[in-house]
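The values are calculated or read from the model by the stated rules, or taken from the named source; none is laboratory data. Fair warning: this is a prediction, and the values are worked out from it, not measured in the lab. With ideal geometry, Cβ positions are generated from the backbone for all residues, glycine too; neighbour counts draw on all protein chains shown. Each accessible area value is taken on the protein alone, full model and side chains, heavy atoms only, with ligands, DNA and RNA left out. Shrake-Rupley method; radii C 1.70, N 1.55, O 1.52, S 1.80 Å.
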Amino acid sequence: MADIDFRTGDVLEVSCPFTEARVADVSGGHVSIRWPWWQNDPDVEWIEWNGNVAIARGPGTPGWTNELFRTEPSAELLQVGAACRVGIPPTVVHVIEAQRFDPPLETGWLPRPNREIVVLRRGVSEDVNAVEQGNGLNPDDDIPLTIKLVFRPYAFLNLGDDVADRLGRAWHFDGPWDWRAYDEQGGTPAWPLTLLTGGDGSADAERYAQVSTATRTGSHQTETEQWRRAAHAEPPAR
């Protein structure tokens, strides 16, 4: 289980130890693996999971850009019934969506996720017009994921914080790409920033000082440039 409260913009390193598995089916674009993790959910009647998970077979096949899992030997070489290992080599990704589910989501397998992050590989930028993009991960899954935070833009702010900028404009923070100016004039905040209220409606002296110190130098643009260097991608144009 990862004890990170994930949010959009987080740059992460994800890995999973390679685990013994077997090939259940092969198609032109995918190889279906008898999944070594998860169990059938007996209390969900409208989804019948067959115990297999399809992963992209190789470069040029649908889903390969999003695929995190790899096989040993390479999926391109696998045949039905073959033994293999499946896992995730250390891979840098960035979060484009973070969701919580209450009650936990019914998927057909256990454990039911109470949260999910959707991630893109390093070097892939988010397309806000895409119907579907990225790979969903349950950080609390039975899959033995290791997730490390590499970089978080605006790490000194909490979601829901209100701040005032150098020009006296008030802003609401819902993530590094989701700033809302209360004067509705758009743009981005001019540093330094002053914390007005915390996301939970309160803020203490330590947090006021933290925001002031963190934004004494730099700018929104320099924070964004650090993210570009970490993610090798462009922020979404919203």
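Remarks
- Segment Asp204-Asn50, length gained on full extension (0.36 nm per residue, minus Cα span): 50.3 nm
- Note that the range 36-102 presents 55 Å² accessible area per residue, ligands and nucleic acids not counted, probe 1.4 Å.
- Length added when fully stretched, Gln39-Asp127, from 0.36 nm per residue minus Cα-Cα: 28.3 nm
- Loop-located GluC sites (Glu not before Pro) across the range 1-55 with a Cβ neighbour count of 10 or fewer within 10 Å are Glu45, Glu48, with loop assigned by DSSP.
- Counting only heavy atoms of the protein chains and using a 1.4 Å probe, Leu167 has close to 120 Å² of accessible surface.
- Average projection area in nm² (convex hull over Cα atoms of the range 91-188, one quarter of hull surface): 8.6
- Inter-part distance, the range 120-168 to the range 191-238, computed on C-alpha centroids, equals 14 Å.
- The listed residues Asp140, Asp165, Asp3, once ranked by accessible area (1.4 Å probe) with the largest placed first, stand as Asp3, Asp140, Asp165.
- Solvent-accessible area of Ser27 with every protein chain in place, 1.4 Å probe, in Å² to the nearest 10: 60
- Helix 205-214 axis versus longest C-alpha principal axis of the chain: approximately 80°, rounded to the nearest ten.
- Amide H to amide H distances under 5 Å link Ala190 with Arg166, Leu167, where only residues 5 or more positions off or on other chains count and H is placed in the peptide plane.
- Fraction of accessible area attributable to carbon and sulfur, the range 126-238 (%, probe 1.4 Å): 47
- Average Cα contact separation per residue, the chain, under 8 Å, 6 or more apart, as relative contact order %: 21
- According to the Cα-based calculation, Rg over Rh for the range 164-219 is 0.94, with Rh computed by the Kirkwood formula.
- Taking amide H atoms as placed 1.01 Å from N in the peptide plane, the amide H of Asn52 lies under 5 Å from those of Trp35, each 5 or more residues away in sequence or on another chain.
- Taken over the Cα atoms of the chain, the convex hull encloses 145 Å³ per residue.
- Heavy-atom accessible area ranking, 1.4 Å probe, most first, across Glu116, Glu225: Glu225, Glu116
- These residues, Asp178, Asp41, go from largest to smallest accessible area, 1.4 Å probe, as Asp178, Asp41.
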